[in-house]
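So the structure is just underneath, and the comments pick up after that.
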Amino acid sequence: MLNTVASTTLSISIPPTTPIWLTSLCCKMPKQKALKGFGSGSGNWVLHIEGGGWCDTISSCSWRKMTPLGSSDYMERRVHFSGILSSDASQNPDFYNWNKIKIRYCDGASFAGHPVGETKNGSILHFRGQLIWEALMDELLSVGLSKARQALLSGCSAGGLATLIHCDDFRELLPKDATVKCLADAGFFLDEKDVSGNHTMRSFYHHVFNLQRTGKSLPKDCTATDEPSKCLFPQEIIKHISTPLFIVNPAYDFWQIQNVLVPNTLARTGSWQKCRLNIHKCDHAELGILQGFRNSLLKALDDFKHNKEGGLFVNSCFVHCQTWMSETWHSPNSPRINKRTIAEAVGDWYFKRNSVKLIDCPFPCNPTCIHMDFSRG
């Protein structure tokens with residue numbers, strides 16, 4: 001929700017060969033220097049959409065526009081590329097020499113907001129995520145993406161949801177003979193009740209949907225139903241995706257545990273305070289509820305498990321995004337399922353070396369997991 005239609009940042013990190021210049025799509029930002037991929041990866045592209053949640057009210061969006069998640073005025077000019085965007089073959093064995101694009105997140109609706117949702121009460125808010133996305137794609141197509149031989153659209157958290165929303169459209173933009181696939185990391189948000197029995201996340205998405213008029217970016221067959229705002233949930237979106245898709249998601253996603261299952265308003269009473277910050281501090285009853293949440297995720301993925309072109313990596317870690325950090329993407333200490341890192345699993349799926357449907361055993365069975373600990377502040 002920015003001051004211009006095309007207000008996003010192109011951050012490109014590619015090994016030094018022949019330099020080109022891209023015109024930044026970000027207001028008040030200088031041109032970004034970009035370098036093409038090299039060797040066998042020179043005609044291939046990996047795009048990664050950063051995450052950052054959503055805003056569902058005039059108040060929260062007004063606050064957000066004064067932050068890096070709402071205006072390019074506050075974004076840092078340089079960002080670190082690691083994980084799936086790393087140029088180090090030891091950290092990113094299959095995509096290290098591809099053209100790499102990091103898409104900064106700025107609209108508060110997973111690049112699905114529409115101008116019809118703009119307010120008329122004097123607030124300077126522009127819900128134009130879809131238009132920003134289209135302007136970004138136009139820019140990238142003009143500098144080489146239109147000739148891609150292989151491409152992977154990926155994203156983390158809200159960026160993972162954006163990946164799902166725009167996956168098929170991305171496929172349509174590229175040459176028909178190109179290999180185009182999508183990867184959603186920690187973007188499979190569940191339509192589950194919180195521990196008090198309320199549909200907190202469903203209500204939140206309902207407000208995002210109505211405020212920013214995201215329906216035009218969602219599958220039409222879905223939004224024609226009685227409750228179109230439910231179409232923001234990945235479980236509904238993936239029913240309509242025809243492009244090959246890989247889903248990376250922790251079974252104990254700390255963001256969902258802290259915002260969907262046990263929101264802040266419930267944690268303030270004292271119950272769940274320790275558990276939601278550190279999974280090792282959950283008591284027997286709390287662990288039982290977390291196992292139920294894991295079961296809900298697996299149930300939501302039931303049909304997708306049988307998708308022949310789909311890939312799946314669901315580990316039992318108390319973490320959120322795992323593809324943009326080398327520590328969790330591919331390193332000696334990265335989480336593994338059946339001895340495979342996430343990078344190895346994604347590479348096997350993308351290049352059709354193996355079928356990949358990896359689902360971990362329940363917590364605490366996997367000693368390779370990296371568990372976040374928020375109890376230390």
Matching residues in segment 205-254 (assigned to a helix (DSSP H, G or I), within 17 Å of A300 (Cβ to Cβ) and touching a Ser or Thr at 6+ places or on another chain (Cβ under 7 Å)) number 3
I'm trying to understand the selection: among the residues of segment 150-173, which are open to solvent by 10 Å² or more (accessible area, probe 1.4 Å), over 20 Å from C106 (Cβ atoms) and either out of contact with any Ser or Thr (no Cβ under 7 Å at 6 or more places or on another chain) or small (G, A, S) (or both)? E172, L173
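If you check G70, G53, which single one turns out to be part of a loop (DSSP other than H, G, I, E, B), out of contact with any Cys (no Cβ under 7 Å at 6 or more places or on another chain), touching a residue at least 60 places away in the same chain (Cβ under 8 Å) and open to solvent by less than 20 Å² (accessible area, probe 1.4 Å)? Steps first, answer last, please.
Details: G70 fails: out of contact with any Cys (no Cβ under 7 Å at 6 or more places or on another chain).
So the residue among G70, G53 that is part of a loop (DSSP other than H, G, I, E, B), out of contact with any Cys (no Cβ under 7 Å at 6 or more places or on another chain), touching a residue at least 60 places away in the same chain (Cβ under 8 Å) and open to solvent by less than 20 Å² (accessible area, probe 1.4 Å) is G53.
Going through segment 341-370 one residue at a time, which ones are open to solvent by 50 Å² or more (accessible area, probe 1.4 Å) and outside any loop (DSSP other than H, G, I, E, B)? I'd like the intermediate steps shown before the answer.
First, pick out the residues of segment 341-370 that are open to solvent by 50 Å² or more (accessible area, probe 1.4 Å): 344, 351-355, 357, 359, 361-362, 364-365, 367, 370.
The answer is E344, K357, I359.
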Give segment 275-317 a look and list any residue that's outside any loop (DSSP other than H, G, I, E, B), of a type outside the set (A, V, I, L, M), in contact with a strand residue (DSSP E or B) (Cβ under 8 Å, 6 or more places away or on another chain) and open to solvent by 10 Å² or more (accessible area, probe 1.4 Å), or say none. F304, K305
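So that you can scan it fast, the table gives a plain yes or no per residue for (1) among the β-branched types (V, I, T); (2) surrounded by 14 or more Cβ atoms within 10 Å (Cβ to Cβ); (3) modelled with pLDDT under 95:
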| residue | (1), (2), (3) |
| --- | --- |
| L190 | no, yes, no |
| T200 | yes, yes, no |
| A224 | no, no, yes |
| K239 | no, no, no |
| L266 | no, yes, yes |
| W272 | no, yes, yes |
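The values are calculated or read from the model by the stated rules, or taken from the named source; none is laboratory data. These figures come from a predicted structure and were not determined experimentally. Methodologically, a virtual Cβ is constructed for each residue, glycine included, from the backbone with ideal geometry; neighbour enumeration extends over all protein chains shown. Side chains are part of the model used for accessible areas, which takes the heavy atoms of the whole protein and leaves out ligands, DNA and RNA. Shrake-Rupley method; radii C 1.70, N 1.55, O 1.52, S 1.80 Å.
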